[in-house]
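The values are calculated or read from the model by the stated rules, or taken from the named source; none is laboratory data. None of the values given here were measured: they were computed from a predicted structure. Cβ coordinates were reconstructed from backbone atoms using ideal geometry, including for glycine residues, and neighbour counts include every protein chain displayed.
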Amino acid sequence: MKIFKSLATVAVCAMVCAGFTACDDDDDDDDNNNGGAGNGQPNPSKVFPLGTPSKIGTANVTIGANGLVSQIKDENTTVKFEYLTSRADNNYDVKMVITDVDYPTENDTFMMRLNNQGFVEYCLQTSVSGSEKGTDEWWFKYNSAGQMNYMKRTEGDNEVTTITYDNAGDITNVSVKDDDNNNSSCTISYSPLEDNKCGVMLFDECLGIDMDEMSYAYFAGLLGKATTHLPKLNKEDDGSSTKFDWTLSNGKPVKLVSTYTYDGYDSVDEMTFAW
């Protein structure tokens, strides 16, 4: 699911790319790793050294007086963040609430526990809308550089994503598995190299990581650090590929054009950024 809507889409042929579905029914407590009950403090400047973007696609980002992201909003969705001063509320550090403007009484609440690095290690999602009503859980792990390398979610009968980095700090492979031994993977390349000075990371759109609504938390600085370079090509194991062309201004992306190719057909999507 692409959370951040683009401003323009030009489709030569409408193609639908099947998302990863994977699972692992193991609910080990060890999945809450990398700091245990660390209660680290969120710090978006660690993720966005040139400043947090003010707009991602059609979504506007609001920074509160404390320097933390308080809201991300587009014409359809409002995402609000509350930073808890203690772990008195069931041992959680951050609360994220996502509301559809057309259905204000139906929302998703994400209660997040942070590790020592200030990144989410565990999240309890509660949904009160339609067929998705109920609870789901998320677990995350990070490498020593603070980059996410593992994600587990219970939605869809569990889903496990393993993320491989090279020595430069770039994601080279994303693999997903499920209980029925259905495996999916994609490879990411970065040639020609273009430094990711600003920290932009588009999990679903560029990297084949099925984040759904949790993608908002990244732009609040809560899901680890970005790749060292901007991705240029994603090749999936179904034979499809997506090429990424970035337009930068003072080291910050202002436009991303993605060209998805499968079986001889192309679709082009454009996303803009403001800072």
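Can you name the residue in the range 216-252 that is of a type in the set (S, T, N, Q) and in a loop (DSSP other than H, G, I, E, B) and, of all such residues, is surrounded by the most Cβ atoms within 10 Å (Cβ to Cβ)? Steps first, please.
Residues of the range 216-252 of a type in the set (S, T, N, Q): 227-228, 234, 240-242, 247, 249-250.
With the extra rule that they be in a loop (DSSP other than H, G, I, E, B), the set shrinks to 227-228, 240, 250.
Numbers: Thr227: 22, Thr228: 19, Ser240: 17, Asn250: 9.
That would be Thr227.
Annotation note: Cβ proximity below 7 Å between a residue of the range 223-252 that is at positive phi and a residue that is surrounded by 16 or more Cβ atoms within 10 Å (Cβ to Cβ) and outside any strand (DSSP E or B) (sequence gap 6+ or interchain) occurs for Gly224/Phe119; Gly224/Gly146; Gly224/Gln147; Gly251/Lys197; Gly251/Cys198.
Somewhere in the range 253-264, is a residue in contact with a Pro (Cβ under 9 Å, 6 or more places away or on another chain), crowded, with 17+ Cβ neighbours inside 10 Å and modelled with pLDDT of 95 or more? Checked against the condition, which is being in contact with a Pro (Cβ under 9 Å, 6 or more places away or on another chain), crowded, with 17+ Cβ neighbours inside 10 Å and modelled with pLDDT of 95 or more, the range 253-264 yields at least one hit.
Figure legend. Inter-residue proximity from the range 56-67: first residues farther than 15 Å from Ile98 by Cα and at pLDDT 95 or above, second residues basic (Lys, Arg) and part of a loop (DSSP other than H, G, I, E, B), beta-carbon distance below 8 Å, spacing 6+ or different chains. Indicated pairs: Gly57/Lys5; Thr58/Lys5. Output yes when any residue across the range 129-149 is in contact with a Cys (Cβ under 8 Å, 6 or more places away or on another chain) and among the β-branched types (Val, Ile, Thr), and no when none is. Within the range 129-149, not a single residue is in contact with a Cys (Cβ under 8 Å, 6 or more places away or on another chain) and among the β-branched types (Val, Ile, Thr).
Of the residues in the range 139-148, none is free of Cβ contacts under 8 Å to residues at least 24 places away in the same chain and in contact with a Ser or Thr (Cβ under 7 Å, 6 or more places away or on another chain).
When we screen Glu121, Glu132 for residues that are over 18 Å from Cys206 (Cα atoms), modelled with pLDDT under 95 and acidic (Asp, Glu), the only hit is Glu132.
Count of the range 242-274 residues, restricted to those that are of a type in the set (Ser, Thr, Tyr) and farther than 22 Å from Ala59 by Cβ, is 4. Any residue at all in the range 261-270 that is assigned to a strand (DSSP E or B), in contact (Cβ under 8 Å) with a residue 60 or more places away in the chain and within 19 Å of Asp74 (Cβ to Cβ)? Scanning the range 261-270 turns up at least one residue that is assigned to a strand (DSSP E or B), in contact (Cβ under 8 Å) with a residue 60 or more places away in the chain and within 19 Å of Asp74 (Cβ to Cβ).
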